[in-house]
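Asker: Before I ask anything, let me first share the structure, which is written out below as structure tokens.
The values are calculated or read from the model by the stated rules, or taken from the named source; none is laboratory data. Given the structure is predicted, the values throughout are model-derived calculations rather than measurements. Glycine gets a Cβ as well: all are built from the backbone with ideal geometry, and neighbour counts include every protein chain shown. Surface areas here come from the heavy atoms of the whole protein model, side chains and all, with no ligands, DNA or RNA. Shrake-Rupley method; radii C 1.70, N 1.55, O 1.52, S 1.80 Å.
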Amino acid sequence: MLIDHLNRQLLEREAQALKRQRRITESPCAPHQWVSRDGQPARELLAFCSNDYLGLANHPALIQALAEGAQQFGAGSGASHLINGHSRAHAELENDLAAWLTPCIPQAGALTFCTGYMANVALLTALGDASATIFADKLNHASLIDGARLAKAPLQRYPHRNLVMLARQLERCTTPIKLIVTDAVFSMDGDLAELPELLALAERFDAWLIVDDAHGFGVLGAQGRGSLSHFGLCSERLIYMGTLGKAAGLGGAFVAAHPTIIDWLVQSARTYIYTTATPPAVAHALRESLRLIGGAEGEQRRTHLQQLIHLLRTQLTTLIAANPALGWQLMDSSTAIQPLIVGDNAAALTLAAALDAQGLWVPAIRPPTVPAGTARLRITLSAAHSTDDVQRLVDGLARAALNLTGALA
Ligand SMILES: *Cc1c(COP(=O)(O)O)cnc(C)c1O
């Protein structure tokens, strides 16, 4: 019965071009990656899909720091943070992260989590009790949506970046605590939230602003300090969530906020309390990652990434203008996330397959991850890409466009 029920739904997804397939990567995360699928032999693909924005996931210094951390602290943490899993490496990492954010959040404390998903669920469930209301951008990441669903606080969603609607909702709100929550860089669109305006609204309505900086941490702002630094914001009302598996190249996440908020999370956040702490070697290596991000090498990598973003956008804008019949649209994004909207689910898959045939790996993102009718290729760039890599992608898209317009004609 259950199996039949599931099989029917799986077939339905297949018919709608919504069935998802995994591939197996046979080599480290890097632009040129060996990948296998369906028991076929591995192929080398040029990938534009990771969130490894600075190209640190396979950095020798981090591999070495991970090994050193394992020598010093062992392989596993053994328990949750509140039992005996909270190592010196975790404690020092939290000190580093708190210092990293204090220019933006005075006296910030920091707390590390195993994943960003868990950090977001922690924040919204621990702070969003019955005396609070949660205000969320409709395009927020799934982990924020799930956190809001699990919270006792009622949820009000506002249309993407519609601050007029948000202000109206805040004005009508009668709960004593108000939590505005937003992605800083929207994960499927690549655009930025208007953080200064959101903070101004938070001040005006005595609300708190929770910022999920999964895609800004390490990439935006002076020394890669993130979106708050990018906008030059500083306020005690800011609650910051950064992830450590994207630009930082390893894994995990953290919250930086007023020390009382941190203390409350330790006492009450179930995704913090009831889970085994990340291996301490990872925390140890993350400290090295912060040194890289904040130093000269991080700066070079960010500069190179900006050049690649500019190159890709210039070339794709020309390509799209030359092929209006395809209906492609480049999102208005200045970040390393450069989505190419195709619209139809099957069309997105066809385009991804056309690139795959040329040895290019760009994922097709379909509903429910994005709204219906906005299926897209989510192109992500990394400082590990070369300008030649980006040119190969543009050439591949041009070749696909030629074939598709030929088919349309
Ligand atoms: C990736 C991501 C998360 C989840 O972080 P993980 O550490 O991968 O669990 C949360 N929010 C946003 C916006 C993300 O892109």
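Asker: Hey, rough spin-label estimate for Glu194 and Ala325, points 7 angstrom out along Cα→Cβ, what's it come to in nanometres?
Answerer: About 4.0 nm separates the two model spin labels.
Asker: Which residue, chosen from Val342, Pro196, Leu308, occupies the Cα position most advanced towards the positive end of the dipole of the chain, where the dipole is computed from +1 (Lys, Arg) and -1 (Asp, Glu) charges on Cβ about the Cα centre?
Answerer: My answer, from the dipole projection, is Val342.
Asker: Here's another thing I want to ask about it. Angle, helix 88-101 long axis vs. longest principal axis of the chain, Cα atoms, 0 to 90°, nearest 10?
Answerer: Approximately 80 degrees, to the nearest ten.
Asker: Same structure, new question: If you place +1 on the Cβ of every Lys and Arg, -1 on the Cβ of every Asp and Glu, and leave all else neutral, what size is the dipole of the chain about its Cα centre, to the nearest 20 Debye? Numbers along the way, then the final one.
Answerer: Details: 32 positive and 35 negative charges, 140 e Å.
Using only the charged Cβ atoms, the result is roughly 680 debye.
Asker: While we're looking at this one, here's another question. Which of the peptides 294-307, 233-246, 26-39 is most tightly packed, and how do the rest follow, judged by the mean count of other Cβ atoms within 10 Å per residue?
Answerer: My ranking of the peptides, most packed first, is 233-246, 294-307, 26-39.
Asker: Something else about it: Ignoring ligands, DNA and RNA, what accessible area per residue does the chain give at 1.4 Å, in Å²? All intermediate terms of the calculation are to be shown ahead of the outcome.
Answerer: Working: 18050 Å² over 409 residues.
I get 44 Å² per residue for this part.
Asker: Hey, another quick one. How far apart, in nm, are the 7 Å Cα→Cβ label points at Met1 and Asn403?
Answerer: 4.7
Asker: Applying 1/(1 + (r/R0)^6) with R0 = 30 Å to the Cβ-Cβ distance of Ala75 and Arg43, what FRET efficiency is obtained, to the nearest 0.05? Spell out each step's value before the answer.
Answerer: Working: r = 33 Å, r/R0 = 1.09.
Here the calculated transfer efficiency is 0.35.
Asker: Can you tell me how segment 1-133 classifies by the Cα gyration tensor, rounded, prolate or oblate, using a/c under 1.5 as the rounded cut?
Answerer: Working: a/c = 2.06, a/b = 1.32, b/c = 1.56.
Verdict is oblate for segment 1-133.
Asker: Can I ask one more? How would you classify segment 115-217 from its alpha-carbon gyration tensor, with a ≥ b ≥ c the square roots of the eigenvalues: rounded for a/c under 1.5, else prolate if a/b is greater than b/c, otherwise oblate?
Answerer: Details: a/c = 1.74, a/b = 1.11, b/c = 1.57.
In terms of gyration-tensor shape, oblate.
Asker: Oh, and also: With a ≥ b ≥ c the root eigenvalues of the C-alpha gyration tensor of the chain, is it rounded (a/c under 1.5), prolate (a/b larger than b/c) or oblate?
Answerer: The shape class here is prolate.
Asker: Which FRET efficiency, nearest 0.05, do Thr276 and Gln307 yield, Cβ-Cβ r, R0 56 Å? Could you put the intermediate results ahead of the total?
Answerer: Details: r = 41 Å, r/R0 = 0.74.
Computed FRET efficiency for Thr276 and Gln307 comes out at 0.85.
Asker: In deg cm²/dmol, rounded to 500, what helix-only [θ] at 222 nm does the chain give when every DSSP H run of at least 4 residues adds -39500 (n - 2.57) and the total is split over its residues? Could the numbers behind the result be given before it?
Answerer: Numbers: 14 runs with 177 residues, N = 409.
That calculation yields -13500 deg cm²/dmol at 222 nm.
Asker: Give me the distance between the Cα centres of segment 244-260 and segment 337-409, rounded to whole Å.
Answerer: Cα centroid to Cα centroid, the span is 30 Å.
Asker: Another one. Please list 317-323, 103-109, 201-207 highest first by mean number of surrounding beta-carbon atoms within 10 Å per residue. If you can, show how the numbers build up before the last one.
Answerer: Numbers: 317-323: 13.6, 103-109: 18.9, 201-207: 16.1.
Peptide ranking by packing, descending: 103-109, 201-207, 317-323.
Asker: On to the next question. Give the carbon-plus-sulfur fraction of the accessible surface of the chain in %, rounded to a whole number; probe 1.4 Å, heavy atoms of protein chains only. Before the final figure, lay out each step's value.
Answerer: Values: 9900 of 18050 Å².
Whole-percent figure for carbon plus sulfur exposure: 55.
Asker: Can you give the angle from 0 to 90° between the axis of helix 116-127 and the longest principal axis of the chain, with both taken from C-alpha atoms, to the nearest 10?
Answerer: Once rounded, one gets 40 degrees.
Asker: Using a Förster distance of 22 angstrom, determine the FRET efficiency expected from the C-beta separation of Asp388 and Glu297, and round it to 0.05.
Answerer: Details: r = 21 Å, r/R0 = 0.97.
Once rounded, the FRET efficiency stands at 0.55.
Asker: Also, I was wondering about something else. Under a straight-distance cross-link criterion of Cα-Cα below 28 Å, which lysines are reachable from Lys178, leaving out those fewer than 8 residues away in the same chain?
Answerer: Of all the lysines, those that pass the test against Lys178 - Cα under 28 Å, at least 8 places apart if same chain - are Lys138, Lys152.
Asker: Then there is this: Indicate, rounded to the nearest 5 percent, the antiparallel portion of the DSSP beta bridges found entirely in the chain.
Answerer: Numbers: 27 of 47 bridges.
Rounded to the nearest five, the antiparallel share is 55 percent.
Asker: Now a separate question. Give me the angle, in degrees from 0 to 90, between the Cα long axis of helix 195-204 and the longest principal axis of the Cα atoms of the chain, rounded to the nearest 10.
Answerer: Its long axis makes an angle of about 40 degrees.
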